[in-house]
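Here's the structure we're looking at; comments come further down.
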Amino acid sequence: MFSGSGAIGLEFASRGAKKVYLCDKSKEAIQIIRRNVQKTHLQEKVEIYASDFIDLIQNKIQEKPDFIYIDPPYESNFALQAVQEFLKLDKVKPNSIFIIETDKEKLIEEVQNLPVEIIDNRRYGRAYLIF
């Protein structure tokens with residue numbers, strides 16, 4: 001499981017994910033994530049990277065995750081770039097599921113232009129989750 005969100009990644013780990021990769025460029029966010037991993041005693045399941053998500057996908061993730069949760073800054077196009085990078089590098093299984101959090105309904109249309117199938121999308125307040 002790859003996650004751009006510490007909280008969601010820890011939830012996956014606590015519910016049985018074998019390995020969770022967490023990535024954030026913010027040093028403050030990484031410190032908070034590290035503390036939360038220690039508090040939840042999930043160190044053996046969680047790998048934390050203070051790096052750019054593209055570098056992480058290209059150079060550090062060797063497995064093909066079952067679930068890929070992408071929660072980039074809303075003003076960015078990082079979600080689309082991440083999906084494209086996973087596909088380009090063939091780092092997904094045929095049944096891998098991307099979960100993208102965004103505040104842009106337009107992103108749903110952009111994802112439809114990729115060679116993936118949108119199986120669901122939901123709105124929670126201003127946030128959309130695209131599966």
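The values are calculated or read from the model by the stated rules, or taken from the named source; none is laboratory data. Just so it is clear, the model here is predicted, and its values are computed rather than measured. Counting neighbours? That spans all protein chains shown, and the Cβs are built from the backbone with ideal geometry, glycine included. The accessibility values were calculated without ligands, DNA or RNA, using every heavy atom of the protein model including side chains. Shrake-Rupley method; radii C 1.70, N 1.55, O 1.52, S 1.80 Å.
Among the residues of region 58-83, those that are of a type in the set (Val, Ile, Thr) and within 23 Å of Ala127 (Cβ to Cβ) comprise Ile68, Ile70, Val83. Could you tell me which numbered condition Gln43 fails, if it satisfies all but one of (1) of a type outside the set (Phe, Trp, Tyr); (2) assigned to a helix (DSSP H, G or I); (3) open to solvent by 60 Å² or more (accessible area, probe 1.4 Å)? Going through the list (1) of a type outside the set (Phe, Trp, Tyr); (2) assigned to a helix (DSSP H, G or I); (3) open to solvent by 60 Å² or more (accessible area, probe 1.4 Å), Gln43 breaks only (2).
Considering Ile57, Ile118, Ile108, the condition of being at pLDDT below 90, outside any strand (DSSP E or B) and not acidic (Asp, Glu) is satisfied by Ile108 alone.
In summary, Ser76 fulfils each of the numbered conditions (1) more than 23 Å from Tyr128 (Cβ to Cβ); (2) part of a loop (DSSP other than H, G, I, E, B) with the single exception of condition (1). Of the residues making up region 12-31, those that are assigned to a helix (DSSP H, G or I) and either closer than 11 Å to Phe67 by Cβ or touching a Ser or Thr at 6+ places or on another chain (Cβ under 9 Å) (or both) are Phe12, Ala13, Ser14. The number of residues in region 71-87 being at pLDDT 90 or above and within 17 Å of Val20 (Cβ to Cβ) comes to 2.
If only residues of region 58-85 that are open to solvent by less than 30 Å² (accessible area, probe 1.4 Å) and in contact (Cβ under 8 Å) with a residue 40 or more places away in the chain are counted, the one that is farthest from the chain's Cα centre (by Cα) is Ile61.
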